[in-house]
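Step one of this worksheet: look at the structure below.
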Protein chains: 2
Amino acid sequence: MKTEIVRPSDLSAQIADAIRDGIVGGDLNVNQRLPSEAELAEEFSVSRSTVREALKRLAAQSLIRTQRGASGGAFVNRLSFEEAYAQQVTTSTLLLSMNAVSFDVACEARYALERACAPLSAQRRTPDHLATMRAEIHRQSQPGLTDEAFCASDVAFHRALVDGAGNPVLSYQLAGAVEAMQPLMNMITFTARSREEIVARHTAIADALEGRDAGGIDAALVSLEAYARDLARAVAKAKTRARQRPPPDRSA
Amino acid sequence: MKTEIVRPSDLSAQIADAIRDGIVGGDLNVNQRLPSEAELAEEFSVSRSTVREALKRLAAQSLIRTQRGASGGAFVNRLSFEEAYAQQVTTSTLLLSMNAVSFDVACEARYALERACAPLSAQRRTPDHLATMRAEIHRQSQPGLTDEAFCASDVAFHRALVDGAGNPVLSYQLAGAVEAMQPLMNMITFTARSREEIVARHTAIADALEGRDAGGIDAALVSLEAYARDLARAVAKAKTRARQRPPPDRSA
DNA sequence: GGTAGCCTAATGTCAGACATTTAATTGTAT
DNA sequence: ATACAATTAAATGTCTGACATTAGGCTACC
C-alpha cells in the first residue's frame, strides 16, 4: 500500500513542500537563513533553476523573503497580519467570483461573522473606533460621493466596528470576508434613497456602540443585512426585466 | 509623483502580478489557456526561466494549473473551496504560531466565530450533521483514544456544527479558524477528567441542536470556551511551577 | 476499421554563463 | 587612528541553449 501518490515530476513542488514542512514544523525559525540556492541544489540533487522555482512558490505565500548581495539569501519570513490579510482577500474574492456564490449566501456569511464580534466591540471599543465610524458616516452623507468611494467608506466603517473588538485574529478573519464582498456589493448601484437608509442604520450601530448596547448593534446589523438583501433582490429583478425587454439602441 | 514604487528587479514578481490582475480582473476566464511559456517570454521580453518562476508563483496560490504534453500549458484554475480552505489553514496556523498569539485571543476569536453560525445551524442542520456529531461524541468517550485522535475528533465535531449552517462561505472561513487552533489546543494535554467535561458540553450542544434551540447551543459554546480557557490557564500555571522547580534528573 | 508507432508541441530539468546587488575588506590619505 | 574610497566576494537575478518527458494527434500498416 502506498502512503502517498508521489508524482515523479514537479520536483520544485516537492522541494517547496519539504521546506514548507520545515517552516511549519518549527525546524526553521523566523528570520533564519536558508542555505544558498547552490547549497540547496546540491542537497536535493537538482539544478539551481529547480530550487529557484521552489523558492518562488514559497515567496508567493510570504513564507520566505529574499535579499540580494553578500550575506543575502532566503530568510524565513514572519508572517504579518497585513500579509495574511492581503492574501485572504485575494483568495476569498476569487473564491466568490469563480464559484458563482450568490449574493445571499455571501451576505449571510458576512453579517453572521460581523454580528459575532458585536458584543466584544460593545465591551472594548475605544473612542477612536467610535470617532472613525462617525467620520465615515459623515462622509457617506456627502451628496457628491461616488459609488466607489461610498463602498470604500462602508468597508472602513465595518472595519472599525470589527477592530473595536480588540482581537487581531478576529479582525484578520472578518476583514477578509467583508472586503471580499466588495465586488458583489458594487453590483448594487446605490441610489440617494438607499444611501439614506444605509446611513440611518450605520448611525444606529454607532449609537448602540457608544452606549455599549450589544443588543442594539445586533438588531441594527440584522436590519442592515435584510436591507442589503432587499436591494440585491430589486437589482436582480430589474436586470431580468431589462433582459426581457432590451434597452433602446443608442448607436444613433 | 510616482504611482508605484517599481523595483526594477524581481521581474518574475511583476509578471506574476500582471497575470494575476488578468485573472482577478476577469480578462482571463476559468479554464482558459494562457499562452505558452515561450510566447509569454516573448510578450514580456524576458527569458523562459523568468516566466516559469512567475507561473510557479501563481501555481503556489492555486490560480493556475499546468499540463504537460501536446495541447498542454497553463490554465486558469477554478479555485475550489477545498484548495482555498487548505491554504487558509496553513496561513492561519503560521500566523498564530509566528506572532505568538495567546491562547486566550485565539480561543476568543474561534468561539466568537463559531457562535455566529449556531443560530443558522439550529435552523438548517440535517439529521446527517447530527449523526456525525453523535458519532464523534461517542468516539471521544472511548477510554483508549490518543490525545491526537481526541483533538481530531474535536475538530470534526465542530466542523459538523459549522457545516450545519449550510453556508459554504461560512464553513470555509470557520473551518480554517478552528483547524488553525489545533496546534494550540494540542498544548493542552487532556486528562480523563477534562475529557469528560468536554464530552458533556458537546452532548449539550448536540442536544440543543437536535431541539433546534439556538440559545442552548450558544450557552453550551460559552461554557465550552470558558472551560478551555480554564484548562489553558491551569496548564500555563503548571509550566511556570515546573520551570521554577525543574523535574528530577531522570538520566539514572 | 483498429491498432501500433511516429510526430510534434508543450512543460520539466539541467548546465553554464553573465549581470547586479550588497556587505565586508582592504587600502590610502588626512 | 580615523574617515573615506576602491576592491573583493558571495549571493540572488537573468539569460541562453540544450535535452528529457509527456501526451495528444496523425499516419501507416495489418
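The values are calculated or read from the model by the stated rules, or taken from the named source; none is laboratory data. Every value quoted in this text rests on a predicted model; they were computed, and no experiment measured them. Here the Cβ is made from the backbone with ideal geometry for all residues, glycine too, and neighbour counts use every protein chain on show.
Of everything in the range B:127-155, what is within 21 Å of residue B:217 (Cβ to Cβ) and hydroxyl-bearing (Ser, Thr, Tyr)? Give them in sequence order.
B:132, B:141, B:153
Being away from chain B (no Cβ under 12 Å), out of contact with any His (no Cβ under 8 Å at 6 or more places or on another chain) and touching a residue at least 60 places away in the same chain (Cβ under 8 Å) is the filter here; which residues of the range A:104-158 pass it?
Once the filter is applied, which keeps residues that are away from chain B (no Cβ under 12 Å), out of contact with any His (no Cβ under 8 Å at 6 or more places or on another chain) and touching a residue at least 60 places away in the same chain (Cβ under 8 Å), the range A:104-158 yields A:122, A:125, A:129, A:130, A:134.
Residues being touching a residue at least 12 places away in the same chain (Cβ under 8 Å), in a loop (DSSP other than H, G, I, E, B) and within 12 Å of DNA strand D (Cβ to nearest atom): count how many of those fall in the range B:37-62.
Selection size over the range B:37-62: 1.
Please verify whether residue B:60 is among the small types (Gly, Ala, Ser), surrounded by 17 or more Cβ atoms within 10 Å (Cβ to Cβ) and over 30 Å from residue A:165 (Cα atoms), treating the condition exactly as stated.
yes
Mind listing whichever residues of the range B:86-103 are within 26 Å of residue B:20 (Cβ to Cβ), in contact (Cβ under 8 Å) with a residue 40 or more places away in the chain and surrounded by fewer than 19 Cβ atoms within 10 Å (Cβ to Cβ)?
The one that is within 26 Å of residue B:20 (Cβ to Cβ), in contact (Cβ under 8 Å) with a residue 40 or more places away in the chain and surrounded by fewer than 19 Cβ atoms within 10 Å (Cβ to Cβ): B:89.
From the list A:65, A:78, which one is within 7 Å of chain B (Cβ to nearest Cβ) and either surrounded by fewer than 16 Cβ atoms within 10 Å (Cβ to Cβ) or acidic (Asp, Glu) (or both)?
Among A:65, A:78, only A:78 is within 7 Å of chain B (Cβ to nearest Cβ) and either surrounded by fewer than 16 Cβ atoms within 10 Å (Cβ to Cβ) or acidic (Asp, Glu) (or both).
Suppose we keep only residues that are farther than 22 Å from residue A:49 by Cβ and touching a strand residue (DSSP E or B) at 6+ places or on another chain (Cβ under 7 Å) within the range B:7-58. Which one would you say is nearest to DNA strand C (Cβ to nearest atom)?
Checked the range B:7-58; the qualifying residue nearest to DNA strand C (Cβ to nearest atom) is B:33.
Return yes or no: is residue B:65 free of Cβ contacts under 8 Å to residues at least 60 places away in the same chain, in a helix (DSSP H, G or I) and more than 10 Å from DNA strand D (Cβ to nearest atom)? First the steps, then the outcome.
Details: free of Cβ contacts under 8 Å to residues at least 60 places away in the same chain: yes; in a helix (DSSP H, G or I): no; more than 10 Å from DNA strand D (Cβ to nearest atom): yes.
So residue B:65 fails the test.
Would you point out the residue of the range A:68-84, among those that are of a type in the set (S, T, N, Q) and either in a strand (DSSP E or B) or free of Cβ contacts under 8 Å to residues at least 40 places away in the same chain (or both), that is farthest from residue A:172 (Cα to Cα)?
A:71
Filtering the range B:159-168 down to residues that are on the phi < 0 side of the Ramachandran plot and in contact (Cβ under 8 Å) with a residue 24 or more places away in the chain, which residue is farthest from the other protein chains (Cβ to nearest Cβ)?
Result: B:160.
Condition first: of a type outside the set (D, E, K, R), over 30 Å from the mean Cα position of the chain (by Cα) and either within 10 Å of DNA strand D (Cβ to nearest atom) or modelled with pLDDT of 95 or more (or both). Can you find one or more residues in the range B:18-30 that meet it?
Scanning the range B:18-30 turns up no residue that is of a type outside the set (D, E, K, R), over 30 Å from the mean Cα position of the chain (by Cα) and either within 10 Å of DNA strand D (Cβ to nearest atom) or modelled with pLDDT of 95 or more (or both).
Here are some residues: A:226, A:206. Which one is modelled with pLDDT of 95 or more and either among the aliphatic types (A, V, I, L, M) or over 26 Å from residue B:173 (Cα atoms) (or both)? Talk me through it step by step, then tell me what you get.
Working: A:226 fails: modelled with pLDDT of 95 or more.
A:206 is the lone residue from the list that is modelled with pLDDT of 95 or more and either among the aliphatic types (A, V, I, L, M) or over 26 Å from residue B:173 (Cα atoms) (or both).
Kindly indicate whether residue B:13 is within 13 Å of DNA strand D (Cβ to nearest atom), assigned to a helix (DSSP H, G or I), within 11 Å of chain A (Cβ to nearest Cβ) and at pLDDT 95 or above.
Yes.
Tell me the residue from A:111, A:172 that is out of contact with any Cys (no Cβ under 9 Å at 6 or more places or on another chain), under 30 Å from residue A:192 (Cβ atoms) and either assigned to a helix (DSSP H, G or I) or modelled with pLDDT under 95 (or both), please. Lay out the reasoning, then the answer.
On the way: A:172 fails: under 30 Å from residue A:192 (Cβ atoms).
Selected residue: A:111, the only one of A:111, A:172 that is out of contact with any Cys (no Cβ under 9 Å at 6 or more places or on another chain), under 30 Å from residue A:192 (Cβ atoms) and either assigned to a helix (DSSP H, G or I) or modelled with pLDDT under 95 (or both).
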